[in-house]
Amino acid sequence: MTAVVYLHITNQVSGKTAILIFTRTAAEEAVQKSFVGPGSLRANTLIAASLIRHTVETVKASGIPFFTVYSDQQHGIGFGQRLTNAMADVFELGFEQVIAIGNDSPDLTPGLLVLAQQQLTEKGVVYGPAQDGGVYLIGV
């Protein structure tokens, strides 16, 4: 049985691709990351909440169906297993492609998400490389 009760579809359009916003809660993000310096938990929480809200609005503007999965809704041991399980939950809903993003890419645009969707259809796998050596987007 899939744990899809925490997934939310908005702006549903025809298609086989969904976006997965995979994020910590704002409170957990504030503890893990220091946006304005140590000892500023309230300010860090507000910034984290703003980043999450910005990400959701960006994804909504793309017109691609999406699901937001917060850390308290994830299951599995370790980041990789939690991400894999969340993506599997979306696939179980009938989507054929999933684009996973986090909450910390403020330069991400709706157009870039649509381009990723197009490239995913053509290539089968896409990723957006981040300047720190990681990735800001994974599509399978």
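Only one of Leu83, Leu120, Leu137 is in contact with a helix residue (DSSP H, G or I) (Cβ under 8 Å, 6 or more places away or on another chain) and either open to solvent by less than 30 Å² (accessible area, probe 1.4 Å) or within 14 Å of Leu20 (Cα to Cα) (or both). Can you tell me which? Walk me through how you get there before you give the answer.
On the way: Leu83 fails: in contact with a helix residue (DSSP H, G or I) (Cβ under 8 Å, 6 or more places away or on another chain); Leu120 fails: in contact with a helix residue (DSSP H, G or I) (Cβ under 8 Å, 6 or more places away or on another chain).
Only one candidate qualifies: Leu137.
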Check your understanding: If you go through region 89-117, how many residues are open to solvent by 40 Å² or more (accessible area, probe 1.4 Å), in contact (Cβ under 8 Å) with a residue 40 or more places away in the chain and in contact with a strand residue (DSSP E or B) (Cβ under 9 Å, 6 or more places away or on another chain)?
Key -> 4
Exercise for review: Just give me the residues in region 37-69 being open to solvent by 70 Å² or more (accessible area, probe 1.4 Å) and over 19 Å from Asp107 (Cα atoms), in sequence order.
Suggested key: Pro38, Gly39, Leu41, Arg42
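When you check Thr58 against the structure, is it touching a residue at least 40 places away in the same chain (Cβ under 8 Å) and either part of a strand (DSSP E or B) or under 14 Å from the mean Cα position of the chain (by Cα) (or both), yes or no?
Working: touching a residue at least 40 places away in the same chain (Cβ under 8 Å): yes; either part of a strand (DSSP E or B) or under 14 Å from the mean Cα position of the chain (by Cα) (or both): yes.
Against the criterion (touching a residue at least 40 places away in the same chain (Cβ under 8 Å) and either part of a strand (DSSP E or B) or under 14 Å from the mean Cα position of the chain (by Cα) (or both)), Thr58 qualifies.
The values are calculated or read from the model by the stated rules, or taken from the named source; none is laboratory data. This one's a predicted model, so the numbers in the text were calculated from it and none came from an experiment. Note: ideal-geometry Cβ built from the backbone for every residue, glycine included; neighbour counts use all protein chains shown. Keep in mind that these areas ignore ligands, DNA and RNA; they rest on the heavy atoms of the full protein, side chains included. Shrake-Rupley method; radii C 1.70, N 1.55, O 1.52, S 1.80 Å.
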